[in-house]
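Heads up, the thing below is written out as structure tokens.
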Amino acid sequence: MTAAQAGTAGALPASHSQPKRASFGQLMLSEWTKIRSVRSTVWSLILFVIVSIGFTVLFTALTAANWSQAGADTRARIVTDPVSFIMGAGLGLGQLTLCVLGALVITTEYSTGVIRSSLLAVPHRVPMLAAKAVVFAVLILIVAEVVCFGMFLTGSAILHSHAPVSLGDPNVTRAVVGSGLYLTVVALLALAIGGIIRHTAGAISTVIGVILVLPILTGLLPGSWGKHIDAYLPEQAGTLIGQAHHQSGDLLSAWQGFGVLCIWAAVLLAVTVVLLKRRDA
């Protein structure tokens, strides 16, 4: 073997030993394949649609049927901001299914061991998590916006004779679109908690505790402490974006409240990134 041939033979293994790094688009395609191939994704989204629109129809129909029996304060509140009433029940219950899905998207990878295969294929952990978050957020945003417009259109049609409202009214379109944005960020918050805890039951319990239990506990605090802390909790602040009109007791505006929710999600995702880099799969 000549020196040139030897040099070529020695160079080939070195060039082949370095695998080509996957692009971010390829990572997103991989994450999309994983998310859509899991049964829990399909069933959770189906349940989200049924619960959100179903309870919206139920509550608005009952309210319309018993309008004359409702108290004057209740009717005035509905007429003042019919969007909040129409979206309220469906949004409050429907978000729980997205919280569960957000936790499952990442905790199932740890429980099944798929995360190890993912990290072997993509040693750089942060791009993998970013791709998962982007794909999941886009999926939830599309579904949530479709459901929110469905909730509003069905609910407004049922209540039209008592509390007429349309997308052309001031801040109504913003409230409906904002409700979809709220659901998307809440789902990302749940994904982040799932990445921190890594255990399905623990993650789901924590997310539900943050969304439902914390506001109850802050209400027990004395003086104005409870009110101010409550205003900056994820659910309490984030749902302001779904109100067409600012309420007198609200400490934050609609976009300020949504910004607070985004900060919560961003901080938890940052913690997830740190732990993902430091802990073994």
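The values are calculated or read from the model by the stated rules, or taken from the named source; none is laboratory data. Remember, it's a predicted structure, so these values are computed and weren't measured experimentally. Neighbour counts are summed over all protein chains in view; Cβ atoms, including those assigned to glycine, are modelled from backbone coordinates with ideal geometry. Surface areas here come from the heavy atoms of the whole protein model, side chains and all, with no ligands, DNA or RNA. Shrake-Rupley method; radii C 1.70, N 1.55, O 1.52, S 1.80 Å.
Relative contact order of the chain: 23 percent, from C-alpha pairs under 8 Å at least 6 residues apart in sequence. The length gained on full extension between residue 134 and residue 93, counted as 0.36 nm times the residue separation minus their Cα-Cα distance, comes to 12.3 nm. Please work out the FRET efficiency for the pair residue 267 and residue 111, using the Cβ-Cβ distance as r and a Förster radius of 22 Å; give the result to the nearest 0.05. Here the calculated transfer efficiency is 0.30. Here region 77-218 is treated as a sphere whose radius is the Kirkwood value from Cα pairs; by Stokes-Einstein at 37 °C and 0.692 mPa s it diffuses with a coefficient of 197 µm²/s. With Cα atoms defining each centre, region 213-228 and region 35-104 are spaced 25 Å apart in the structure. Computed over protein heavy atoms with a 1.4 Å probe, the carbon and sulfur contribution to the accessible area of region 74-156 reaches 75%. Its DSSP H runs of at least 4 residues, each contributing -39,500 (n - 2.57), put the calculated 222 nm mean residue ellipticity of the chain at -25500 deg cm²/dmol, to the nearest 500. Put a dot 7 Å past the Cα of residue 248, heading toward its Cβ, do the same for residue 146, and the two dots end up 4.2 nm apart. Once you treat every alpha carbon in region 130-174 as an equal point and sum by Debye, what is log10 I(q)/I(0) at q = 0.19, 0.27, 0.29 Å⁻¹? Here log10 of I(q) over I(0) equals -0.66, -0.94, -1.00.
Dividing the Cα radius of gyration of the chain by its Kirkwood radius returns 1.13 for Rg/Rh. Largest first, the residues 132, 227, 34 sort by 1.4 Å accessible area into 227, 34, 132.
A Gaussian network model of the chain, with springs between Cα atoms under 10 Å, assigns the largest mean-square fluctuation among 176, 213, 49 to 213. Once both labels are positioned 7 Å from their Cα atoms along Cα-to-Cβ, the gap between residue 274 and residue 39 label points is 3.8 nm.
Solvent exposure of region 125-281 amounts to 44 Å² per residue of accessible area, where only protein heavy atoms count and the probe is 1.4 Å. Take every Cα pair under 8 Å in region 50-148 that's 6+ residues apart, average their separations, divide by the length, and report that relative contact order as a whole percent. Relative contact order here is 34 percent.
Build a GNM of the chain with springs between Cα atoms under 10 Å apart, and of 224, 52, 253 the one that fluctuates most is 224. Accessible area of residue 230, 1.4 Å probe, to the nearest 10 Å²? Spelled out: residue 230, probe radius 1.4 Å, area about 30 Å².
Using the Cβ-Cβ distance between residue 212 and residue 26 with R0 set to 41 Å, the FRET efficiency from 1/(1 + (r/R0)^6) comes to roughly 0.60.
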